[in-house]
1. For the range 1-111, place one equal point scatterer on every Cα, skip the solvent, and apply the Debye formula. What is log10 of I(q)/I(0) at q = 0.12, 0.14, 0.20, 0.21 Å⁻¹?
2. Considering the range 132-239, what Rg and Dmax in Å follow from its alpha-carbon atoms?
3. Enter the Cα centre distance for the pair the range 122-182 and the range 42-60, rounded to the nearest angstrom.
4. I'd like the distance between the alpha-carbon centres of the range 206-246 and the range 73-117, rounded to an integer number of Å.
5. Contour minus end-to-end for L323 and K310, with contour as 0.36 nm per residue of separation and end-to-end as the Cα-Cα distance?
6. Going by accessible area, probe 1.4 Å, with all protein chains left in place, what is the ranking of F201, F372, largest first?
7. Which shape class, rounded, prolate or oblate, goes with the range 78-200 when its Cα gyration tensor gives a ≥ b ≥ c as root eigenvalues, a/c under 1.5 marks rounded, and past that a/b bigger than b/c marks prolate?
8. By average Cβ neighbour count within 10 Å, what is the ranking of 110-117, 237-244, 172-179 from highest down?
Amino acid sequence: FLGWLGLPSSITDADLKEIEETAASLRSKCEVVIVVGIGGSYLGARAVIDALNNAFDWLQHDRKNPVVVYAGNNIGEDYLYELMTYLKGKSFGIINISKSGTTTEPALAFRILKGELEKVVGKEEAKHRIVAITDAARGALHTLAKQEGYKMFVIPDNVGGRFSVLTPVGLLPIAVAGFNIRQLVEGAAYMEENTSPEVTFDKNIAEQYAVVRNELYKKGKKIEILANFNPKLHYVAEWWKQLYGESEGKEHKGIFNASVYFTADLHSRGQWIQEGERSIFETVLSIEQPNHTVEVPADADDLDGLNYLKGKNVDFVNQMAALGTPLAHVDGGVPNLKLEMPQLNEFYLGQFIYFFEKECGISGYLLRVNPFDQPGVEAYKTHMFSLLHT
């Protein structure tokens, strides 16, 4: 499962062009595209799309690109009902992502959505609105895609789901949403080069982060809290939790990873971080420069006492919070690391994705576990299948 290591530098122009053409076809036919997948099959794409999208994008009426929504990541009946209700009267397509095609959550959602799409547009037209991303040679979804004539992309055998953002698994939904996958891959390739084995430890940030995390773990810091001060990074943190939780939590070892969203969570879990059990360390994600500016206006009455901030950008206030919070937490006995992104765009997100993947692999080996399997995930499936068949 080391195929992701050289993936950014090995993606060809032809690979990207095929993905872009398929995305353009879906955009031309669909108001809504549903990404069906669970875990690594959707979280990477959602992390990038949510980070780059306008926060109120789904409310816009003069859209250039389809609304991207998600299914198959839960078994919520109300969720599926509400999704089906939302789709009524809208032209939609489906990207179905599964190596096997039999994982319960996405298989169930796809069966329902496929049936609805065929009912609305007919079976023949539905074939042109469904894309399968699956195994190269086997599995239920591979067989179905061949039978039905769906456009199909391959998940490489040597790339695990949570490391698959830079395969069609992540690149196709990101391209459908209208973002520049070439810049994303370019950023990842930059980080691939700068964290390669030839880069010495004093300059290799993936190796440095892995060593620091594991030294803290040895000293009893069993929980890593990923903190960010930008709501657009919510699903970056969700992807990070899946990547690290599924990679490191084995053989009764591993750092437990959690995330907080500041400044909102400073009014809740911030208290625990400041004065709770000293079993934690904190990694702060920071964006150096926002993409937009909003100034604090003056107010004649100044009842809220904020006139001292007049003329300042809102991000100035946020940056002071992002500076002051770690100072307080370090004073409270919480070791802090900081990861800074110059700006929120495809290039730097590509860097972040590859950086975290590389560090996670190194960290797993430092823990002496296999970071590329997930035997514990099968436990719930075994019990669920047993109960479903009784």
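The values are calculated or read from the model by the stated rules, or taken from the named source; none is laboratory data. Remember, it's a predicted structure, so these values are computed and weren't measured experimentally. Quick reminder, even Gly has a Cβ in these numbers, built from the backbone with ideal geometry, and neighbours come from all protein chains shown. Just the protein is used for accessible areas: all its heavy atoms, side chains included, with ligands, DNA and RNA removed. Shrake-Rupley method; radii C 1.70, N 1.55, O 1.52, S 1.80 Å.
1. Cα-only, vacuum Debye calculation for the range 1-111: -0.50, -0.68, -1.29, -1.38.
2. Radius of gyration, then largest Cα-Cα span, for the range 132-239: 18.5, 56 Å.
3. 20
4. The range 206-246 and the range 73-117 have Cα centres spaced 31 Å from each other.
5. Contour length minus Cα-Cα distance gives 2.7 nm.
6. F201, F372
7. prolate
8. Put in order of decreasing packing, that is 172-179, 237-244, 110-117.
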